[in-house]
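Input: a single structure, listed below in structure tokens.
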Amino acid sequence: MTISRKAFNQACGELRFDKDMADKLWLKLHEHCFLSGGEHITLGATPPREDARNVNEWHWDNANLMPWAKERLKQLLLGLDVPGLPD
């Protein structure tokens with residue numbers, strides 16, 4: 001998982017962290033997580049490869065799973081009998 005500084009700052013703002021606290025937390029995360037640059041923190045079991053290759057799609061895969069998810073949810077949910085559920 002990669003967290004951008006922009007997304008981090010937005011989340012801190014939503015939680016009403018003051019800027020000093022947010023900056024300290026960002027630096028603390030940098031100390032404990034693998035870094036992929038000054039504006040992102042990458043969390044995972046292994047650091048990113050310098051050549052940025054995703055060997056055998058071991059760490060991630062960018063794929064649109066919406067069609068599969070819709071079909072799978074239909075298979076799982078359409079057969080359920082839920083009392084009190086409107087049509």
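The values are calculated or read from the model by the stated rules, or taken from the named source; none is laboratory data. Note that this is a predicted model, so its numbers are computed, not measured. Here the Cβ positions follow ideal geometry from the backbone for every residue, glycine too, while neighbour counts run over all protein chains shown.
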If I go through region 1-20 residue by residue, how many of them are more than 29 Å from residue 62 (Cα to Cα) and among the charged types (D, E, K, R)? 4
Pairs only if they're at least six apart or on different chains, beta carbon under 9 angstrom, first in region 11-28 and free of Cβ contacts under 8 Å to residues at least 24 places away in the same chain, second part of a helix (DSSP H, G or I) and of a type in the set (Phe, Trp, Tyr); list them, first residue then second. 12/26; 22/8; 25/8; 26/8
Condition set surrounded by fewer than 10 Cβ atoms within 10 Å (Cβ to Cβ) and at pLDDT 80 or above, scope region 44-69, selection farthest from residue 3 (Cα to Cα): answer is 67
Per the filter on region 10-39, residues assigned to a helix (DSSP H, G or I), over 15 Å from the mean Cα position of the chain (by Cα), at pLDDT 85 or above and not hydrophobic (A, V, I, L, M, F, W, C) are 13, 14, 19, 20, 23, 24
